[in-house]
1. For an R0 of 41 angstrom, estimate the FRET efficiency from the Cβ-Cβ distance between Asn8 and Asp83 and round to the nearest 0.05.
2. Considering only DSSP beta bridges with both partners in the chain, what is the antiparallel share in %, to the nearest 5?
3. Using each residue's phi in the range 82-98, evaluate 6.51 cos²θ - 1.76 cosθ + 1.60 at θ = phi - 60° and report the 3J(HN,Hα) Karplus result to the nearest Hz, with x for Gly and Pro.
4. How many nm separate the modelled label positions at Lys199 and Ile167, each set 7 Å beyond the Cα in the direction of the Cβ?
5. Using only Cα atoms, tell me the angle between helix 136-149 and the longest principal axis of the chain; keep it within 0 to 90° and round to the nearest 10.
6. Under 12 Å Cα to Cα from Lys47, which aspartates and glutamates show up? Leave out anything in the same chain fewer than 8 places away.
7. Charges at C-beta only: +1 for Lys and Arg, -1 for Asp and Glu. How large is the resulting dipole of the chain about its Cα centre, in Debye rounded to 20?
8. Let me understand the range 152-205 better: what is its radius of gyration from the alpha carbons, and its Dmax, in angstrom?
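Throughout, read-outs are computed from the coordinates displayed, never taken from laboratory work. A quick note: this is a predicted structure, and the numbers were derived from the prediction, not measured. Here the Cβ positions follow ideal geometry from the backbone for every residue, glycine too, while neighbour counts run over all protein chains shown.
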Amino acid sequence: MALLTCRNLALGYEGHAIVKDLNFEIDSGDYLCIVGENGSGKSTLMKTILGLQSPLDGKIITGDGFKQTEIGYLPQQTVIQRDFPASVWEIVLSGCLNRTGIRPFYSKDEKREAREIIEKLGMTPYIKSCYRNLSGGQQQRVLLARALCATGKMLLLDEPVTGLDPIVTAEIYDIVCRLNREDGITVVMISHDIEAAMKYATKVIHIGKTVFCGSKDEYLSSVEARLFIKDGEENG
């Protein structure tokens, strides 16, 4: 059974639908990229998957023992977040909060896992550093580590390379790819970088004047892809 299934989903605000009839499944190990024009509803879809917003219609079904609370989320960074006055260790460990419940402390296993994830992402030398003093790429690694502490199954990434230079962008994409292919973590990523999306994705959701949900190969031969990629090349 799929980790997550969306059936006849309608998304929007105050009763006004901006996306209708979304039907797709997210299976374990998928790398799903959500693409489309600005304001089309991509972030709204992600918030709905997370349970932060209710759908106007349809439903989201979890399966295979998966729960919405097991999703690790990396939102778009804001200026305020970049200036957050906490240590790398404190931020990463806070990703375990969804497991602690009423327990007012982190367990030894949670602390061990947080250290292992920090090491995996190459941030051990900065574990005591203040987050606000890190570079943009280092901050994204910290936030990704925090998201990983919340899950061993699914990561939701909302434009994770916005504002990063090309070298750091490639590093972040490589890290996410390895987490998917080597660790088996399911990835759902909103991206305006159509080239990167087509390089890594196994499935694609395109939201625009029409909606496409399917495999990458199916998307590349679709009308939606031809028009979207052409527009991107012309605007680029």
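1. According to the calculation, E is roughly 0.45.
2. 50
3. So the Karplus estimates, Gly and Pro as x, are 5, 9, 5, x, 9, 7, 4, 4, 4, 5, 5, 4, 5, x, 8, 4, 5 Hz.
4. 1.6
5. For helix 136-149, the angle is close to 90 degrees.
6. Excluding near neighbours in sequence, the set is Asp158.
7. With Lys and Arg at +1 and Asp and Glu at -1, about 800 debye.
8. Values for the range 152-205 (Cα only, Rg and Dmax): 10.6, 29 Å.
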